[in-house]
Structure formats: C-alpha cells, structure tokens
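Have a look at the structure below before the remarks.
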Amino acid sequence: MDLRTLGVLLLCTTHLCLGAVVVLHNRRALINKLFGFSVVVIVGWILTIFLALSAEEPGQVLGLARLGFAFAGAIPFSLIWMFHAFSADRFTIRDPRVYVPAALCGLFLLLSFSPWIVCNSIEIKGRQTVVYGSLNKLFGVYFIGAFAYAISTLWRTIQRSSGLRRLQLSYLLLGIVLGGIGGTTTNLLIPLIWKTSAYSALGPYFTLLMVSCSAHAIIRHRLMNIRLVVRRGSVYLIAAMIAGTVFASFLALLSIVMGKHRHEIPLGTEVLVALAIALAFQPLKGWIQSSLDRYLYRESYNYQQIIREASRTIGSTLDLQALLTYVCEVASRTCRPDLVAVFVRDPRDPAFRLATRLSFGDIASARLERPIEASNPLPIFLQQVRRPLLGDDFGRSLDASQAQGAIRELASLGGDFALPMFSEQHLLGFILLGPKLAGDAYFNEDVELLTTLANQAAIAIKNAQLYRQVVVINEYIENILRTMDSGVITIDHRGRVALCNSTAARLTGLPRERLTTLSVDTLPAALGSQLAQTLADGNSRSQVETALPSDGDRRTPLVCSTSALRDERGAVIGALVVFSDLSKVKALENEKNTAERLAAFGSLVSGIAHEIKNPLVAIKTFAELLPERFSDTDFRDDFSKVVRTEIDRIDGLVGRLRGLAAPQPDTEAATDIREPILETISLLRGQLEQMQMTVQRDLGRSQVLVSIDPAQAKQLFLNLFLNAIEAMAPGGELRISVTRVQRQAQPWIQVAVSDTGPGIPEAIRAKIFDPFFTTKTAGSGLGLAICRSIADAHKGTIRAESPVPGAGTTILVEFPGATTEAQIVERSAVLS
C-alpha cells in the first residue's frame, strides 16, 4: 500500500468517524443527520476522485469522474440544508430556501452522468485525463453560487446568534470556508481555467480543515450539544503513540539516510542512539500529554484540596445566604460556567425559589426570579432519578419519557447542568449551572466534584435552615415574652433557669442576667418550690396564690401556674412557671369587700333599727302610761314583765350580732373538719331523737384537714343543722357528706348538708345569706349570714342548691384543703 492510498484511507476514516460521533450522539436530531449526510457526500467525492486518478481504463476514469461530479454537486446542497437547520427558523423540505437548491442539485446530479459535464477520457503523457463538456462551466457557476449561498446562510445565522453558539458556528464557518476554497481551487477553478486535473489529488486534503475546525468546535465548544468525554487514560495512550511515532519516524529516516552503510555503524553509537531515544521519550510524551490536557480539559484543579476547603467552610457556616453564596463561588471558580444559580425550598413553601446566583454577561433573570413549583418537570425528575441532569443527556443516556420535560425546563432557565441536593430523601433544592464560558463539556471529574459539593451543601443547608428556624422561634418567643404582663421562668431538667422575661425580672427584683444563673434552689422560695415540685412529679399546678418579698416588709401577692415541659417521648425535660401580680386584683377585691361591707352594714343598721324599735316601742308605751296607772298593781306587773322580756330580746339580738363579726382565723392551725361536725351532731342528739330524725353521714376514713378555727366551725355547722332540722317534719333525714374536690388543680374540701324539707324557692335563694332575711315567723335572719361570714373569713364559699323543687335543700360549704393527712377509724355511719 503506497502513501497516497494510506492518506486517502486515513482521510476518509477521519471523516466517517466524525460523522458517526455526531449522528450517534442524537439519532433523532435533524442537524446531526444532515451533518452525517454532508460527511457521506464528501467522503464519496474523495473516494471517487482517488479512484478516478488511480484508474487506467478510459471507461473507468470516465465513469468515476462523472460520479465524482455528482457527489461534488451534492456537497453545496447538503451544506445549505444543514446550515438552514442550524438557523433558529423553522423550515421543512418544502421551504423555497431548501427545495430550490434541491431541484438544482437534482438537475446537475442528472447532468453529471451526461457528456455535457464530462464528455471523455484521453491519455496524456501516460495518464488518463478527463475532457470536460460544454456545461462544465455552468456546473462551476452552480457550485460556486450554491456554496456561496450556503456560506451566507451560515453567516446570517451567526449574526443572529450570541455567546457560545456564535463561537461554535464561527469555527464551523472557518473550516467550511477554508476547506471549500482549497477544494474549489484545486478541483474546479484550475481545471476550468488551465484545463488540467494535475492538482485534483490535493483537493480532498483541504477537507481536513473542515474536520479540524468541526472537531475543535465539538471538543472545546460542544457544537450541536455534543459532550465528547475523553478519558485521561486515552490521552495518555494517544500521547505515547504520538511520541512513539515520532521516534519511529526518526529511526526510519536515519535508516534511509545511512542507506547501505547502516550496517557499518559502531555498536557504541547504536547504544548511544538507543539511550538518547529512551531518555528523550518520556519528556516528549509528557509534553505531548500536557498539551493535550490543556487542550481537552482546560485549567486543572486540585480535587482533594477544593473539597477539603469547601468542607471546612461549609461546615462552619450557619448563615444560609452566606452559605449559598460560597457554594456559587466555588462552582463558578472551579468550572467557570456563565451562570450558577441555587434554588432552595423553604420547609413551609412547596415551591423552589432562587436563593442566590452568579452570572457573566447578559443572562435573563426574569425566568430565574419566578418560583419553580414542586409539580414542575425539573424537580420531579431530580426527585425521582436522584442524579445530576446534563442538558445533552437527552437522546444519549435518557429517553424522552424520562427527561424531555426536565431538559426543556433546564434550557428555559439558561442551565446546562442541574445538581440535586437531598436531605432525608427529600429534595431541598438544586444547583443550576449554565454552559462553560470556554464551551468545554462537563467531564466526569467536574460531575464528581460538583456532586460532592452539592451533597455537602445539602447537609449544611438543612443545618442552616434548622438554625434559622431556631433563631426565628427564639425571636418569636422573645417578642411574646417581652409583651407579656405575666412573669415567665423556665428551668431545664437539672433545675437551672433556662429562660425568663423582663416581667419576671421586675416582679422578682432581680436582673435577667442574674435570674438566668439561678436554679430552683436559689430562686425565690414562692416560685422555686412550685417549679421543683412540678419538675419532680410532672403535674401541673394552676392558680396557686403566693407572695414575693418586696420593699421593706411589703409582700407582692402573686398567682402562679406551673406546667411540665416534655420531649416527644413524654419524658419531663423541664418546667415552666407563669406568675402574675395580684396587687391590683387584691386592691379591687378589698374595694369590693369594702363596698359589700358598707352595703351589708346599711342593711344591718336598717335591720337592727327595725328589730330594736319594736321592743322599745312597747317599753315606751308602758313608760308613757306609768304616771297615770302607777297605782295599778296589775299594770305594774305587766310593765315589769314586758320590760324584762323586751330587754332580753334586745340582748339576744346583740348576742347574735356579735356572731356576725367573726374573729380572724388562725390559718396556721389545721383542723380535721369531721370533728366539729361530729361534736355538733352530738350536741343536737336530743333534739334529733325528739323529732325522730336520722342522720346519714359520709365523712371518709382519713383526716380532712382545713385551716379553720374549731369553735367557728361548730357555730357554722350548728346554724346549718338547726336550719335543716327546723325545715323538716318529724321523721326527716339529715344527710352530711365530706368530699375532696379539685379547684384549679388545688385540693378543696366540700361539706354538703342536705335535708328532706320543702326546699328553698329559686326566687329567694340568692337572698338567704343576707342579714335579717328570713322566712320563719320567729326567725332573726342572722343564722345563714353568720355562716357566710365564717366561710368568707376562711377563704371558703357557701351556696344553696335545690335540684328538685319540693325535694329538700342542700347547703354546700367549701374550704381550701390543708396538706397533712393521717388515717383514722370512722365512727358509726348512721346515727338515729
């Protein structure tokens, strides 16, 4: 095989490999198909020229020459069709811009096989030379005109393009123009002007310029979105092959120069030459490999160093905006894309929103600023596939059902590469990268680096979001606490103060800085004891009244409520106390009590005046008649009886009035409330037996302690029991029960006294505790008023109930319970 044949085969193989790479990259794309069509036409033209120049038979030369003209006539049409496909305009084969050149191409394709283009083949100087027909010049005009139209079409497309696309098409235009000028000159103009085909063998080699520029546009600038990944192992092999070829050529050249004297070269010289070749091989291979690396991969970067620095910075950044900005800077500095944008979804927002971006040049931002809904094809694809998405994956490694919508959305955002960021199987966001400024592909090393960066960023973004939520919640809590009129103190599981507000500091008289250093043991006892109890048993306590020391001997009344703080498993991890100043409430209560006392005093004075006036009127009447009837013995006797009776009546009234002014109770002493009940029942045993009444008791088996004076408790129950006895007919039943109830999470003792009398009408039920109100003919109206006075004095309550009219009355007396309890043996349950 001679060198010319080898050169043509290598040339055709190079063309076909380039066309195969383009077509196989995306078999559905029209541009790729048309590029492959152009390559096939050019290869056909190269082969026919080579075969025609190599043939010796006139008939073979004539047939191959005509076939070569047919292929040559199709070349400008294939370029026109391909360049129109590169245009943004939509077109079909019916477009005049295509079907007119197609018609001309078909016409000259037919004429190429007629004698009007190539009419004969003759032998000149021992070589077969074609003789051109009469329409050969017209073919030349067609070829040059069609080729110029193709170039102008590509030029107009370049003028309408910008950025990377313009750069891609510029390289393609350069290769087509240089190759076309060279091939047209050697294979068309020279034969037309000088009537010789001597230089036709050189024409095909000018197509190497088109191949070189096209390959450069594909490798460096991703022409037709072809991402050609050349592994570094392949680069190493190519560099070694080139270096080996260089030295093999050197040895072959040396062998030719030495000729027949090559066997006379001394052994030492051969050893030195071999040693020189061995020493020079590695530097030459390294230089070739370095050059290829710079060409194929552009600037290199230290993968491990970048990841190490990024991990350190990302791990120590909690501010979300600063974190995302740093991620953009690392991606931009490493890969040099024209756009880096980060979209993040807030936990409370289903849409992905632009968080930050870095761009070069005029990148449209309107589309980036719009939120990307979770139903958008791009986030759906990233969530389902869980892998990076490259724009040129479509048609190569992804089918239409998987990626068509996601690729379209990626392109609309100006992106070429999307990296998902996951946290616990949920898509937090994604990093969007545009094409590289240099037009390079995103190689495996780039994808691995950016994927690692995205994974680390996802963890940091989650932490930053959680940190931001904590900050927002703390600010929200702080704002709430700042505006609260109640004091708030929380403690952790060790009993140390974790949080407090300014109101708590004001009420306790301690600065907030001081409060946060205290524990339940060093807090004011009124608050610390309740927090300690709640932390210990986990039970809430509501509306507990206490007091804090204030200036001098003053004490600030408080109402406190405590609650346990629990984790998701229900374990107690702290406690909370909320307390409010009752000073104003107490002042209002005092004013209310004063007003009530004044009202009661007015009613009392009116009643006293009425009750005292009646006996005084009788005494006055007798006193006015005494001078006239002094001698009347019967009158004097009657006067003496009336005066004694009415004075006794007034004295009894005064005694009852003294009962209204109950002395202040000794709140430090606790009394078992059952004892005054039993003593009062024993006191009334005779009257109960005389009326044949029974007593039903339910007093419980354990002590029921109340902070009350025993004497006043007996007076209270004596009045209640007497009222019940007087309200019942003989044979009635008196029921007495003692129960424990809860009032605002505090224990209270309830004593119920029920009778079987006619009951109290609802119309007068609210008045029965007023002084001097009575429904009895001989009653004073002070018994229940005294009961109320005793209950109020001991912070208790008293009320009357008649659930069913005519079915008796129940008087309910309630007192706050004391704390100490002891077991006792109950007495007889029924007393008759």
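The values are calculated or read from the model by the stated rules, or taken from the named source; none is laboratory data. Everything numeric here is computed off the predicted structure, so don't read it as measured data. So basically every Cβ, Gly included, is an ideal-geometry build from the backbone, and we count neighbours across all protein chains shown. For the accessible areas, the whole protein counts, side chains as well, though only heavy atoms, and no ligand, DNA or RNA atoms are used. Shrake-Rupley method; radii C 1.70, N 1.55, O 1.52, S 1.80 Å.
Packing, as the average of other Cβ atoms within 10 Å across residues, places the peptides 379-391, 559-571 in the order 379-391, 559-571, highest first. Listed peptides 334-340, 695-701 appear in the order 334-340, 695-701 once ranked by packing, highest mean of other Cβ atoms within 10 Å at the front. In this structure, the amide hydrogen of LEU548, modeled 1.01 Å from its nitrogen in the peptide plane, lies closer than 5 angstrom to those of THR556, LEU558, counting only residues at least 5 positions away or on a different chain. Do any GluC sites (Glu not before Pro) in the range 415-474 lie in a DSSP loop with no more than 11 other beta carbon atoms within 10 Å, and if so, which? The qualifying sites are GLU424. Per-peptide packing, taken as the mean over residues of other Cβ atoms within 10 Å, places 64-72, 33-41 in the sequence 64-72, 33-41 from highest down. Excluding ligands, DNA and RNA, the accessible surface per residue across the range 1-149 is 51 Å² with a 1.4 Å probe.
Report, in whole Å, the centroid distance computed from the Cα atoms of the range 307-349 and the range 2-34. Cα centroid of the range 307-349 versus Cα centroid of the range 2-34: 42 Å apart. Only protein heavy atoms count here; under a 1.4 Å probe, ASP637 has an accessible surface of about 80 Å². Around the amide H of GLY133, modelled in the peptide plane, lie the amide H atoms of ILE117, VAL118, CYS119, all under 5 Å away and 5 or more residues distant in sequence or on another chain.
The mean of 1/r over all distinct Cα pairs in the range 485-563, once inverted, gives the Kirkwood hydrodynamic radius of 12.7 Å.
For the range 11-55, the relative contact order is 40 percent, taking Cα pairs closer than 8 Å that sit 6 or more residues apart in sequence and dividing their mean separation by the residue count.
Taking K and R as +1 and D and E as -1, what net charge do the other residues with C-beta under 9 Å from the C-beta of GLN128 add up to? Computed value for this residue: -2. The range 136-200 to the range 697-752: how many Å between their Cα centroids? First find each Cα centre; the distance between them is then 119 Å.
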